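Asker: Structure incoming, see below.
Derivation of every value follows stated rules applied to the coordinates shown; laboratory data play no part. Remember, predicted model here, so these are calculated numbers, not experimental data. Don't worry about glycine lacking a Cβ; one is built from the backbone with ideal geometry, like all the others, and counts go over all protein chains shown.
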Amino acid sequence: MNNVKTNNSLLRPYRILDLTEGGYMIGGRMLADLGADVIKIEPPGGSQSRIAPFYKDIPDAEKSLFWYAYNLNKRGITLDINTADGQDMFRKLAKKADAIIESFDVGYMSSVGLGYDDLIKTKADIVFTSISPFGQSGPKAHYKGCDLTGWASGGYFYICGNPDRPPVWISFPQAKLHAGAEAASGTMMALWHRLKTGEGQSVDVSMQECVTTNSFNAPEMWDLNKVEFKRLAKGINIGTQGLRVSVVWQCKDGYIIFVAQGGVQPFVNSMKSLVEWMAGDGMADEWLKQMDWAKDYNASKLTKTVVDRVEEAFAKFFMTKTKNDLYEEGALNRRILIGPLSTTQDLSHDRQLQSRNFWEKVEHPELNDTVTYPGPFLKLNNNPMQYRRRAPLIGEHNVEIYETELGLSRTELSKLKEARII
């Protein structure tokens, strides 16, 4: 691209070789957003991750919105590391890199002579991050894994859905995204360690372990209260009795998230404010107005009868309001701990995100268009994150990297291309 922005970000001295696929690619994307020179390596002909949805629904590997999303800010080359020449070329690339992120089947990189133990002979202080469904060792290390098996084996599905039905699958694949994000974090910690000690190291990221941390307080409930979390539809367990309380509520035009909870601040003020609003609309009976939220609605002594009575009153009130009513008037003006469950369309028109200039348009010259992306995940003053380039086309930077940076001649490059090494 001719309009690549100057890089003045935090990780600008570092070069990362990205061999990940699918949602794992977000790890390299995060490092690239922080300023690292991330080189996405894909097979000749293109990555298996150039998948739907496509720009304007045109089925084309170069128009994959999935690819755009997780490879923004990266440069891109093609290379077949299944071949001896490809492996030699990868070693040359590794010699000039600081870290490698890969998500091949466990043992594959070592089988082609490119594992951590192999590459430290080429680059002693290399950081080598491997992402896999169940880690690089252990009884499940060689198990296959996908988003569904990741969430299931991580325990999250045990608490998702209605109690009288099987678990509910999360609508958009996210397990690999969590693993990719943790890989970015682990890679940065290893680079910091290298900065202090001069030592490289191998970083092992298990998708199963990563998603387990997203089970909220379910793993701790048994240790703390001897209560086992169950699937509770739109609710959660609270208190030592494991009493079910609602979290997701229907309103006039969708759903909101709210937990009726007292005992301590700021929950008490939130509940009082909600009842005052209900009373103003003539929807709060006297018993509700007299409720002592600090004492009578303390999770340690709540009963199902009280919870059901309170939630019935709240449910009727919420059905008279829209998501925007409950957010603008309830959350912002009355300081009630409540929030809308937003659709992607809701988010694209969200007033707060727009006022913070969250959405950013990135030029795609090959489309003669711009594409709108969510803004950087971190706001920094001195070294702000920025979108410097759109995701790479297939082999877009082959000449730039192989010829200009590695010193290959145009003839050598042509031979590699003819042999489909690149």
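Asker: Between the DSSP loop rule and a limit of at most 12 other Cβ atoms within 10 Å, which trypsin sites (Lys or Arg not before Pro) in region 140-177 are left?
Answerer: LYS144
Asker: Near the amide H of HIS364, under 5 Å away, which other amide H atoms are found, from residues 5 or more places off or on another chain, if H is placed in the peptide plane?
Answerer: For HIS364, whose amide H was placed from the backbone, the distant partners under 5 Å are ASP369, THR370, VAL371.
Asker: Over region 84-142, what is the relative contact order in percent, taking alpha-carbon pairs closer than 8 angstrom and at least six residues apart?
Answerer: Reported as a whole number, the value is 38 percent.
Asker: Convert each backbone phi in region 135-140 into a coupling constant with the Karplus relation 6.51 cos²θ - 1.76 cosθ + 1.60 (shift: θ = phi - 60°), then list the ³J(HN,Hα) values in order as whole Hz, x for Gly and Pro.
Answerer: In residue order, the calculated couplings are x, 7, 9, x, x, 10 Hz.
Asker: Return TRP192, TRP151, TRP293 ranked ascending by Cβ neighbour count within 10 Å, so the fewest neighbours appear first.
Answerer: Arranged by neighbour count, lowest to highest, TRP192, TRP151, TRP293 become TRP192, TRP293, TRP151.
Asker: Taking K and R as +1 and D and E as -1, what net charge do the other residues with C-beta under 12 Å from the C-beta of LEU11 add up to?
Answerer: Summing Lys/Arg as +1 and Asp/Glu as -1 gives -1.
Asker: Still on this structure, please answer the following. Note down the net charge around PRO133, summing +1 for each Lys or Arg and -1 for each Asp or Glu among other residues with Cβ under 14 Å from its Cβ.
Answerer: Value of the local net charge: -4.
Asker: Taking H as built 1.01 Å from N, whose amide H comes closer than 5 Å to the amide H of ILE100, not counting residues under 5 places away?
Answerer: Answer set, sorted by chain and number: LEU17, VAL127, PHE128, THR129.
Asker: Another question, if that's okay. For region 119-199, give the magnitude of the charge dipole about the Cα centre (Cβ charges: +1 Lys/Arg, -1 Asp/Glu; no others), in debye to the nearest 20.
Answerer: Dipole magnitude for region 119-199 comes out near 240 debye.
Asker: Moving on to the next point. Kindly provide the trypsin sites (Lys or Arg not before Pro) of region 49-137 that DSSP labels as loop, not H, G, I, E or B, and whose Cβ sees at most 14 other Cβ atoms within 10 Å.
Answerer: Answer in residue order: LYS96, LYS121.
Asker: Rounded to whole Å, give me the distance from the Cα center of region 121-180 to that of region 370-422.
Answerer: So the separation of the two Cα centres works out to 29 Å.
Asker: When only C-alpha pairs under 8 Å and at least 6 residues apart count, what is the relative contact order of region 218-341, in percent?
Answerer: Computed value for region 218-341: 29 percent relative contact order.
Asker: Fewest first, what order do THR187, THR212 take by the number of other Cβ atoms within 10 Å?
Answerer: THR212, THR187
Asker: Follow-up. Considering only DSSP beta bridges whose two residues both sit in the chain, what percent are antiparallel, to the nearest 5?
Answerer: About 45 percent, rounded to the nearest 5.
Asker: Of all the stretches in the chain, which is the longest one without any exposed loop site, taking GluC sites (Glu not before Pro) in a DSSP loop (any state but H, G, I, E, B) with at most 14 other Cβ atoms within 10 Å?
Answerer: 1-198
Asker: Let me ask you something else. Looking at region 218-341, how many pairs of lysines come closer than 21 Å at the Cα, when each pair is eight or more places apart or spans two chains?
Answerer: 25
Asker: Lysines near LYS379 by alpha-carbon distance under 27 Å, same-chain residues fewer than 8 away left out - which ones?
Answerer: Hits, sequence-local ones excluded: LYS5, LYS40, LYS74, LYS176, LYS196, LYS361.
Asker: What number, rounded to the nearest 500 deg cm²/dmol, is the helix-based mean residue ellipticity at 222 nm of the chain, given -39500 (n - 2.57) per DSSP H run of at least four residues and division by all its residues?
Answerer: Result for the chain: -8500 deg cm²/dmol, rounded to the nearest 500.
Asker: Using Cα-Cα distances under 8 Å and only pairs 6 or more residues apart, what relative contact order does the chain have, in percent?
Answerer: 19 percent
Asker: If the cut-off is 14 Å between C-alpha atoms, which aspartates and glutamates fall inside it for LYS123, apart from same-chain ones fewer than 8 positions away?
Answerer: ASP88, ASP98, GLU199
Asker: I want the local charge near ASN324. Using Cβ-Cβ distances under 12 Å, sum +1 for each Lys or Arg and -1 for each Asp or Glu among the other residues.
Answerer: The answer is -2.
Asker: Please arrange MET89, MET207 by counting, for each residue, the other beta carbons lying within 10 Å of its beta carbon, fewest first.
Answerer: Going from least to most buried by this count: MET89, MET207.
Asker: Quick one: 3J(HN,Hα) in Hz for region 75-80, Karplus 6.51/-1.76/1.60 with θ = phi - 60°, rounded, Gly and Pro as x.
Answerer: With the stated coefficients, region 75-80 comes to 8, x, 9, 10, 6, 9 Hz.
Asker: Additional query: Using the Karplus curve 6.51 cos²θ - 1.76 cosθ + 1.60 with θ = phi - 60°, work out ³J(HN,Hα) for each residue of region 33-47 in order, rounded to whole Hz, and write x for Gly and Pro.
Answerer: Per residue, the Karplus-derived 3J(HN,Hα) values read 4, 7, x, 5, 7, 9, 9, 7, 9, 10, x, x, x, x, 7 Hz.
Asker: Mind listing which trypsin sites (Lys or Arg not before Pro) in region 219-313 are in a DSSP loop and have 11 or fewer other Cβ atoms within 10 Å?
Answerer: LYS226, LYS295
Asker: Further question on the same structure: Dimensions of the chain along principal axes (Cα, Å, largest first)?
Answerer: Projected onto its principal axes, the Cα set of the chain covers 87, 50, 42 Å.
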